[in-house]
Amino acid sequence: MMRPASTDLAAMFRRLIASTGPISVAHYMAEANARYYNSADPLGAGGDFITAPEISQMFGELIGLWLADMWINAGRVEPVHYVELGPGRGTLARDAIRAATRYGLEARVHFVETSVTLKDIQLATVPGAIWHKDLSTIPAESPILLVANEFLDALPMRQLVMTEQGWRERLVGLEGEGPDARFTFVVGRQPMDSAVPENRRQAEPGTIIETSPAAATVMYEVAGRLAGQGGAALFIDYGHEAPRTGSTLQAVRAHRKVDPFSTPGQADLTTHVDFDAMASIAQSRGARWIGTTTQGNWLRGLGIEARADALSEFAPDHAEAIHSAKDRLIGDGQMGALFKVMGLAGKNWPGGVGF
(Lines give C-alpha, C1' and ligand atoms only; values in the text may rest on other atoms or scores of the structure.)
Protein backbone atom coordinates (compact mmCIF):
# COMPACT_ATOMS: atom_id res chain seq x y z
CA MET A 1 0.00 0.00 0.00
CA MET A 2 1.46 3.31 -1.05
CA ARG A 3 0.85 6.52 0.85
CA PRO A 4 1.60 10.10 -0.13
CA ALA A 5 4.88 11.37 1.22
CA SER A 6 4.58 12.95 4.65
CA THR A 7 7.27 15.56 3.98
CA ASP A 8 4.71 18.30 3.40
CA LEU A 9 3.08 17.70 6.77
CA ALA A 10 6.44 17.47 8.53
CA ALA A 11 7.52 20.70 6.80
CA MET A 12 4.28 22.36 7.85
CA PHE A 13 4.87 21.38 11.45
CA ARG A 14 8.45 22.69 11.31
CA ARG A 15 7.34 26.03 9.89
CA LEU A 16 4.58 26.34 12.45
CA ILE A 17 6.82 25.52 15.41
CA ALA A 18 9.63 27.76 14.15
CA SER A 19 7.18 30.66 13.74
CA THR A 20 4.91 30.35 16.79
CA GLY A 21 6.66 27.98 19.17
CA PRO A 22 6.06 24.40 20.28
CA ILE A 23 2.66 22.82 19.67
CA SER A 24 0.67 20.50 21.90
CA VAL A 25 0.87 16.73 21.52
CA ALA A 26 -2.90 16.84 20.85
CA HIS A 27 -2.36 19.27 17.94
CA TYR A 28 0.38 17.10 16.46
CA MET A 29 -1.68 13.95 16.86
CA ALA A 30 -4.86 15.46 15.41
CA GLU A 31 -3.18 16.80 12.28
CA ALA A 32 -1.11 13.66 11.70
CA ASN A 33 -4.05 11.26 12.10
CA ALA A 34 -6.35 13.39 9.96
CA ARG A 35 -3.80 13.17 7.12
CA TYR A 36 -3.22 9.47 7.78
CA TYR A 37 -6.84 8.30 7.73
CA ASN A 38 -7.73 10.33 4.66
CA SER A 39 -4.80 9.10 2.58
CA ALA A 40 -5.58 5.38 2.19
CA ASP A 41 -7.12 2.27 3.74
CA PRO A 42 -4.84 1.48 6.72
CA LEU A 43 -6.34 -1.92 7.55
CA GLY A 44 -5.37 -5.46 6.63
CA ALA A 45 -2.22 -7.33 5.74
CA GLY A 46 -1.33 -4.73 3.11
CA GLY A 47 -1.98 -1.84 5.49
CA ASP A 48 -0.51 -0.88 8.84
CA PHE A 49 -2.58 -2.83 11.37
CA ILE A 50 -5.33 -5.44 11.71
CA THR A 51 -8.29 -4.97 14.04
CA ALA A 52 -10.27 -7.70 15.79
CA PRO A 53 -13.17 -7.78 13.27
CA GLU A 54 -10.65 -8.52 10.49
CA ILE A 55 -9.14 -11.38 12.50
CA SER A 56 -12.35 -13.39 12.83
CA GLN A 57 -16.07 -13.13 12.15
CA MET A 58 -16.62 -14.42 15.70
CA PHE A 59 -15.75 -11.01 17.13
CA GLY A 60 -18.50 -9.13 15.29
CA GLU A 61 -20.98 -11.96 15.70
CA LEU A 62 -20.65 -11.99 19.48
CA ILE A 63 -21.03 -8.21 19.61
CA GLY A 64 -24.21 -8.56 17.57
CA LEU A 65 -25.54 -11.23 19.93
CA TRP A 66 -24.72 -9.06 22.95
CA LEU A 67 -26.62 -6.12 21.46
CA ALA A 68 -29.57 -8.36 20.52
CA ASP A 69 -29.67 -9.78 24.04
CA MET A 70 -29.72 -6.28 25.53
CA TRP A 71 -32.48 -5.23 23.13
CA ILE A 72 -34.63 -8.30 23.81
CA ASN A 73 -34.31 -7.91 27.59
CA ALA A 74 -35.23 -4.23 27.27
CA GLY A 75 -38.53 -5.16 25.63
CA ARG A 76 -37.68 -5.21 21.91
CA VAL A 77 -38.34 -1.48 21.58
CA GLU A 78 -38.59 -0.18 18.00
CA PRO A 79 -37.31 1.63 16.10
CA VAL A 80 -33.72 1.24 17.24
CA HIS A 81 -30.47 2.58 15.76
CA TYR A 82 -27.19 0.70 15.34
CA VAL A 83 -24.42 3.30 15.59
CA GLU A 84 -20.74 2.57 15.04
CA LEU A 85 -17.94 5.06 15.65
CA GLY A 86 -14.98 4.60 13.29
CA PRO A 87 -16.32 1.46 11.58
CA GLY A 88 -13.17 0.67 9.59
CA ARG A 89 -14.17 -1.36 6.55
CA GLY A 90 -17.63 -2.10 7.95
CA THR A 91 -16.63 -5.69 8.74
CA LEU A 92 -17.71 -5.57 12.38
CA ALA A 93 -21.07 -4.02 11.50
CA ARG A 94 -21.71 -6.59 8.78
CA ASP A 95 -21.02 -9.52 11.11
CA ALA A 96 -22.85 -7.99 14.09
CA ILE A 97 -25.95 -7.11 12.08
CA ARG A 98 -26.08 -10.57 10.51
CA ALA A 99 -25.99 -12.21 13.94
CA ALA A 100 -28.48 -9.79 15.54
CA THR A 101 -30.97 -10.11 12.70
CA ARG A 102 -31.41 -13.81 13.50
CA TYR A 103 -33.01 -12.71 16.77
CA GLY A 104 -35.36 -10.19 15.24
CA LEU A 105 -33.22 -7.08 15.72
CA GLU A 106 -33.65 -4.93 12.61
CA ALA A 107 -31.76 -1.74 13.39
CA ARG A 108 -31.18 1.31 11.23
CA VAL A 109 -27.44 1.51 10.60
CA HIS A 110 -25.45 4.70 11.18
CA PHE A 111 -21.69 5.10 10.67
CA VAL A 112 -19.71 7.98 12.17
CA GLU A 113 -16.65 8.37 9.93
CA THR A 114 -14.46 11.24 8.72
CA SER A 115 -12.36 9.31 6.17
CA VAL A 116 -13.73 9.56 2.63
CA THR A 117 -11.58 6.58 1.62
CA LEU A 118 -13.02 4.34 4.30
CA LYS A 119 -16.55 5.63 3.74
CA ASP A 120 -16.61 4.18 0.23
CA ILE A 121 -15.49 0.78 1.54
CA GLN A 122 -18.00 0.86 4.41
CA LEU A 123 -20.95 1.61 2.18
CA ALA A 124 -19.97 -1.23 -0.14
CA THR A 125 -19.78 -3.61 2.82
CA VAL A 126 -23.01 -2.44 4.47
CA PRO A 127 -25.30 -1.00 1.76
CA GLY A 128 -27.93 1.34 3.13
CA ALA A 129 -25.84 2.58 6.04
CA ILE A 130 -26.27 6.26 6.81
CA TRP A 131 -23.01 8.18 7.08
CA HIS A 132 -22.33 10.95 9.63
CA LYS A 133 -19.29 13.13 10.27
CA ASP A 134 -20.01 13.23 14.01
CA LEU A 135 -22.64 12.25 16.56
CA SER A 136 -24.64 15.46 16.25
CA THR A 137 -26.69 14.20 13.28
CA ILE A 138 -27.55 10.80 14.77
CA PRO A 139 -31.35 10.71 15.37
CA ALA A 140 -32.19 12.10 18.80
CA GLU A 141 -35.19 9.84 19.32
CA SER A 142 -35.36 6.05 19.84
CA PRO A 143 -32.69 3.94 21.57
CA ILE A 144 -29.19 3.52 20.20
CA LEU A 145 -27.02 0.40 20.17
CA LEU A 146 -23.54 1.85 19.82
CA VAL A 147 -20.20 0.18 19.18
CA ALA A 148 -16.77 1.82 19.16
CA ASN A 149 -13.90 -0.58 18.47
CA GLU A 150 -10.40 0.95 18.46
CA PHE A 151 -11.86 4.43 18.15
CA LEU A 152 -10.99 6.34 21.32
CA ASP A 153 -7.29 5.43 21.15
CA ALA A 154 -6.75 7.48 17.96
CA LEU A 155 -8.36 10.68 19.29
CA PRO A 156 -6.02 13.60 20.16
CA MET A 157 -4.47 13.35 23.60
CA ARG A 158 -2.62 15.91 25.69
CA GLN A 159 0.29 15.10 27.98
CA LEU A 160 1.00 16.88 31.25
CA VAL A 161 4.31 16.57 33.09
CA MET A 162 5.19 17.38 36.69
CA THR A 163 8.16 19.75 37.01
CA GLU A 164 9.89 21.40 39.96
CA GLN A 165 7.63 24.40 39.31
CA GLY A 166 4.41 22.36 39.10
CA TRP A 167 2.42 20.79 36.29
CA ARG A 168 3.18 21.87 32.73
CA GLU A 169 2.04 20.69 29.31
CA ARG A 170 4.39 18.45 27.37
CA LEU A 171 4.76 19.93 23.89
CA VAL A 172 6.34 19.11 20.55
CA GLY A 173 9.26 21.36 19.67
CA LEU A 174 12.30 21.32 17.41
CA GLU A 175 15.88 20.26 17.93
CA GLY A 176 18.11 22.05 15.46
CA GLU A 177 17.14 24.40 12.64
CA GLY A 178 16.03 24.26 9.04
CA PRO A 179 14.47 21.39 7.10
CA ASP A 180 16.50 18.80 9.01
CA ALA A 181 15.36 19.94 12.46
CA ARG A 182 14.08 16.98 14.51
CA PHE A 183 10.85 16.92 16.46
CA THR A 184 11.33 16.48 20.18
CA PHE A 185 9.38 16.78 23.41
CA VAL A 186 9.72 20.04 25.34
CA VAL A 187 8.04 21.40 28.47
CA GLY A 188 5.68 24.35 28.23
CA ARG A 189 5.83 27.42 30.46
CA GLN A 190 2.12 27.79 31.23
CA PRO A 191 1.05 26.39 34.64
CA MET A 192 -1.35 23.49 34.10
CA ASP A 193 -2.17 22.42 37.66
CA SER A 194 -5.85 23.21 37.15
CA ALA A 195 -5.99 20.69 34.28
CA VAL A 196 -4.90 17.86 36.56
CA PRO A 197 -7.54 16.09 38.70
CA GLU A 198 -7.10 17.17 42.31
CA ASN A 199 -6.47 13.63 43.52
CA ARG A 200 -3.54 13.28 41.10
CA ARG A 201 -1.78 16.60 41.58
CA GLN A 202 0.75 15.32 44.09
CA ALA A 203 3.42 13.53 42.06
CA GLU A 204 7.17 13.22 41.65
CA PRO A 205 8.89 15.51 39.11
CA GLY A 206 9.00 13.82 35.73
CA THR A 207 5.62 12.14 36.18
CA ILE A 208 3.54 12.22 33.00
CA ILE A 209 -0.23 11.87 32.83
CA GLU A 210 -2.40 11.79 29.73
CA THR A 211 -5.85 13.25 29.23
CA SER A 212 -8.03 13.30 26.14
CA PRO A 213 -10.58 16.12 25.95
CA ALA A 214 -11.67 14.68 22.58
CA ALA A 215 -12.41 11.25 24.06
CA ALA A 216 -14.14 12.88 27.02
CA THR A 217 -16.37 14.85 24.64
CA VAL A 218 -17.38 11.71 22.75
CA MET A 219 -18.12 9.85 25.98
CA TYR A 220 -20.13 12.77 27.31
CA GLU A 221 -22.28 12.85 24.16
CA VAL A 222 -22.82 9.08 24.02
CA ALA A 223 -23.70 8.86 27.71
CA GLY A 224 -26.15 11.73 27.39
CA ARG A 225 -27.90 9.98 24.53
CA LEU A 226 -28.09 6.70 26.46
CA ALA A 227 -29.57 8.52 29.44
CA GLY A 228 -32.09 10.39 27.28
CA GLN A 229 -32.90 7.92 24.51
CA GLY A 230 -32.12 4.58 26.09
CA GLY A 231 -29.94 1.89 24.63
CA ALA A 232 -26.55 0.31 25.21
CA ALA A 233 -22.96 0.88 24.17
CA LEU A 234 -19.71 -1.05 23.92
CA PHE A 235 -16.32 0.66 23.87
CA ILE A 236 -13.48 -1.72 22.99
CA ASP A 237 -9.90 -0.52 22.96
CA TYR A 238 -6.47 -1.08 24.41
CA GLY A 239 -6.04 0.76 27.66
CA HIS A 240 -6.19 0.47 31.42
CA GLU A 241 -8.98 0.09 33.96
CA ALA A 242 -7.29 2.20 36.66
CA PRO A 243 -5.42 5.53 36.37
CA ARG A 244 -1.76 5.21 35.35
CA THR A 245 1.17 7.49 34.67
CA GLY A 246 3.67 7.62 31.82
CA SER A 247 3.53 8.25 28.08
CA THR A 248 1.66 5.68 25.98
CA LEU A 249 1.95 7.55 22.68
CA GLN A 250 2.93 5.15 19.91
CA ALA A 251 2.96 4.93 16.14
CA VAL A 252 2.37 1.85 13.98
CA ARG A 253 3.34 1.51 10.35
CA ALA A 254 3.40 -1.70 8.30
CA HIS A 255 2.49 -3.68 11.44
CA ARG A 256 5.53 -2.40 13.35
CA LYS A 257 6.00 0.25 15.99
CA VAL A 258 7.90 3.28 14.73
CA ASP A 259 9.00 6.64 16.13
CA PRO A 260 5.86 8.84 16.44
CA PHE A 261 7.90 11.75 15.06
CA SER A 262 9.48 9.95 12.10
CA THR A 263 6.73 10.18 9.47
CA PRO A 264 3.76 12.32 10.57
CA GLY A 265 0.73 11.47 8.47
CA GLN A 266 2.08 8.07 7.41
CA ALA A 267 1.67 6.13 10.65
CA ASP A 268 -1.25 5.48 12.99
CA LEU A 269 -0.79 7.49 16.20
CA THR A 270 -2.55 6.11 19.28
CA THR A 271 -2.52 6.21 23.07
CA HIS A 272 -3.97 3.93 25.73
CA VAL A 273 -7.52 4.70 26.83
CA ASP A 274 -8.17 5.59 30.48
CA PHE A 275 -11.34 3.54 31.01
CA ASP A 276 -11.65 4.67 34.61
CA ALA A 277 -11.97 8.28 33.47
CA MET A 278 -14.38 7.30 30.69
CA ALA A 279 -16.63 5.43 33.12
CA SER A 280 -16.71 8.42 35.47
CA ILE A 281 -17.74 10.75 32.63
CA ALA A 282 -20.46 8.37 31.48
CA GLN A 283 -21.92 8.09 34.97
CA SER A 284 -21.81 11.86 35.46
CA ARG A 285 -24.20 12.17 32.50
CA GLY A 286 -26.68 9.67 33.89
CA ALA A 287 -25.70 6.60 31.87
CA ARG A 288 -25.28 3.32 33.70
CA TRP A 289 -21.82 1.80 33.75
CA ILE A 290 -22.26 -1.95 33.38
CA GLY A 291 -18.60 -2.71 33.85
CA THR A 292 -15.13 -2.86 32.31
CA THR A 293 -13.24 -6.09 31.77
CA THR A 294 -10.58 -7.55 29.51
CA GLN A 295 -11.48 -8.50 25.96
CA GLY A 296 -10.45 -12.07 26.69
CA ASN A 297 -12.75 -12.44 29.68
CA TRP A 298 -15.63 -10.75 27.87
CA LEU A 299 -15.41 -12.94 24.77
CA ARG A 300 -15.10 -16.07 26.91
CA GLY A 301 -18.19 -14.99 28.81
CA LEU A 302 -20.08 -14.71 25.54
CA GLY A 303 -19.02 -18.20 24.47
CA ILE A 304 -16.29 -17.64 21.89
CA GLU A 305 -14.68 -20.98 22.68
CA ALA A 306 -17.90 -22.88 21.99
CA ARG A 307 -18.44 -20.81 18.84
CA ALA A 308 -14.94 -21.67 17.60
CA ASP A 309 -15.60 -25.37 18.19
CA ALA A 310 -18.89 -25.14 16.26
CA LEU A 311 -17.26 -23.35 13.32
CA SER A 312 -14.46 -25.93 13.30
CA GLU A 313 -16.94 -28.79 13.10
CA PHE A 314 -18.75 -27.07 10.24
CA ALA A 315 -15.49 -26.33 8.38
CA PRO A 316 -12.87 -28.83 9.59
CA ASP A 317 -10.39 -27.76 6.90
CA HIS A 318 -10.27 -24.33 8.56
CA ALA A 319 -10.25 -25.54 12.18
CA GLU A 320 -6.63 -24.59 12.80
CA ALA A 321 -7.14 -21.04 11.47
CA ILE A 322 -10.37 -20.64 13.46
CA HIS A 323 -8.73 -21.61 16.75
CA SER A 324 -5.66 -19.54 15.98
CA ALA A 325 -7.90 -16.49 15.49
CA LYS A 326 -9.76 -17.25 18.71
CA ASP A 327 -6.47 -17.48 20.62
CA ARG A 328 -5.32 -14.19 19.16
CA LEU A 329 -8.51 -12.47 20.33
CA ILE A 330 -8.57 -13.88 23.88
CA GLY A 331 -4.97 -14.84 24.69
CA ASP A 332 -3.41 -12.88 27.55
CA GLY A 333 -0.18 -12.59 25.61
CA GLN A 334 -2.00 -11.24 22.55
CA MET A 335 -5.16 -9.08 22.50
CA GLY A 336 -7.00 -10.70 25.39
CA ALA A 337 -5.48 -8.79 28.30
CA LEU A 338 -4.33 -5.54 26.66
CA PHE A 339 -7.74 -4.75 25.15
CA LYS A 340 -10.59 -3.77 27.46
CA VAL A 341 -14.36 -3.79 26.93
CA MET A 342 -16.58 -1.23 28.67
CA GLY A 343 -20.35 -1.58 28.69
CA LEU A 344 -22.82 1.27 29.19
CA ALA A 345 -26.62 1.35 29.19
CA GLY A 346 -29.59 3.64 29.57
CA LYS A 347 -31.16 4.01 33.00
CA ASN A 348 -33.88 1.38 32.56
CA TRP A 349 -31.93 -1.00 30.36
CA PRO A 350 -30.64 -4.34 31.70
CA GLY A 351 -27.11 -5.34 32.61
CA GLY A 352 -25.12 -7.16 29.95
CA VAL A 353 -23.54 -10.59 29.69
CA GLY A 354 -19.77 -10.77 30.14
CA PHE A 355 -19.30 -8.10 32.81
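Mind listing just one residue for me: the one in segment 233-270 that is small (Gly, Ala, Ser) and over 23 Å from Ile330 (Cβ atoms) and, of those, surrounded by the most Cβ atoms within 10 Å (Cβ to Cβ)?
Going through segment 233-270, the residues small (Gly, Ala, Ser) turn out to be 233, 239, 242, 246-247, 251, 254, 262, 265, 267.
From what's left, over 23 Å from Ile330 (Cβ atoms): 246-247, 251, 254, 262, 265, 267.
Working: Gly246: 11, Ser247: 17, Ala251: 22, Ala254: 12, Ser262: 14, Gly265: 24, Ala267: 27.
Step by step, filter segment 233-270, then rank; the result is Ala267.
Condition check ((1) in contact with a His (Cβ under 9 Å, 6 or more places away or on another chain); (2) without any contact (Cβ under 8 Å) to a residue 40 or more places away in the chain; (3) under 24 Å from Phe59 (Cβ atoms)) across all residues:
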{"residue": "Ala227", "(1), (2), (3)": "no, no, no"}
{"residue": "Asp274", "(1), (2), (3)": "yes, no, yes"}
{"residue": "Met278", "(1), (2), (3)": "no, no, yes"}
{"residue": "Thr292", "(1), (2), (3)": "no, no, yes"}
{"residue": "Phe314", "(1), (2), (3)": "no, yes, yes"}
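Of Gly296, Gly354, which residue is on the phi > 0 side of the Ramachandran plot and touching a helix residue (DSSP H, G or I) at 6+ places or on another chain (Cβ under 9 Å)?
Gly354
Pull up segment 85-114, narrow it to residues that are among the polar types (S, T, N, Q) and surrounded by fewer than 19 Cβ atoms within 10 Å (Cβ to Cβ), then point me to the one that is nearest to Ala74 (Cα to Cα).
So in segment 85-114, the residues among the polar types (S, T, N, Q) come out as 91, 101, 114.
Within this subset, residues satisfying the condition of being surrounded by fewer than 19 Cβ atoms within 10 Å (Cβ to Cβ) are 101, 114.
Details: Thr101: 16, Thr114: 32 Å.
It comes out as Thr101.
Specify which of the listed residues (Arg89, Arg94) is assigned to a helix (DSSP H, G or I) and of a type outside the set (Ser, Thr, Tyr).
Details: Arg89 fails: assigned to a helix (DSSP H, G or I).
From the options Arg89, Arg94, the qualifying one is Arg94.
For Glu106, indicate whether it is among the charged types (D, E, K, R) and in contact (Cβ under 8 Å) with a residue 40 or more places away in the chain.
Working: among the charged types (D, E, K, R): yes; in contact (Cβ under 8 Å) with a residue 40 or more places away in the chain: no.
No.
If you scan segment 212-232, which residues turn out to be crowded, with 19+ Cβ neighbours inside 10 Å and β-branched (Val, Ile, Thr)?
Scanning segment 212-232 gives Val218, Val222.
Could you check segment 132-184 and list, in sequence order, the residues that are in contact with a Leu (Cβ under 9 Å, 6 or more places away or on another chain), part of a strand (DSSP E or B) and surrounded by fewer than 18 Cβ atoms within 10 Å (Cβ to Cβ)?
Arg182, Thr184 - these are the residues of segment 132-184 that are in contact with a Leu (Cβ under 9 Å, 6 or more places away or on another chain), part of a strand (DSSP E or B) and surrounded by fewer than 18 Cβ atoms within 10 Å (Cβ to Cβ).
Could you grab the pairs with beta carbons closer than 9 Å, sequence gap of 6+ or different chains, first residue in segment 7-26 and within 16 Å of Gly176 (Cβ to Cβ), second one among the acidic types (Asp, Glu) and assigned to a helix (DSSP H, G or I)?
Phe13/Glu31
Suppose we filter segment 72-124 for residues that are farther than 19 Å from Pro139 by Cβ, modelled with pLDDT of 95 or more and touching a Lys or Arg at 6+ places or on another chain (Cβ under 8 Å); how many remain?
1
The values are calculated or read from the model by the stated rules, or taken from the named source; none is laboratory data. Here the structure is a predicted model, which means the values were calculated and not measured. Please note: Cβ atoms are built from the backbone with ideal geometry, for glycine as well, and neighbour counts cover all protein chains shown.
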